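Here is the structure we will look at.
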Amino acid sequence: MATLNRLTRRLTSRPVGSHTASCPQTALLQKQLEQELVRLHREYASELSRYASCFSQDADPACEAVRKAFLRYFIERRYGRHIGSARSRLYQLIRDYFIDPPPAV
């Protein structure tokens, strides 16, 4: 949870479009987005971890997939994408992570 909080603080401190983080309306939207992300993590993290473990028997890739799914969800919402079902989108992001994994460094 601490990692999630650090991530949201770092990402929400960046300006979006012509707005800056100091704009009261933008600050309110950022706070709402942070609360949404924390709520989603609380509700779905364990079931998403179980789902990710179906793709990989190793715990590390499964945890990484869940972390990347929440990060991608946050970025999409941060830049204004409307997501009808957050749960469905998170599942889709995990599936996509394993179908088309990021390149190894």
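Here is how the numbers come out for the structure above:
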quantity: Estimated distance in nm for a label pair at residue 99 and residue 79, the labels positioned 7 Å out from Cα along Cα-to-Cβ; calculated: 2.0 nm
quantity: FRET efficiency, residue 32 to residue 55 (Cβ-Cβ, R0 30 Å, nearest 0.05); calculated: 0.40
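A short reminder: the numbers here are calculations on the coordinates, not readings from a lab. These figures come from a predicted structure and were not determined experimentally. In this analysis, Cβ positions are derived from the backbone assuming ideal geometry, glycine residues included, and neighbour counts consider all displayed protein chains.
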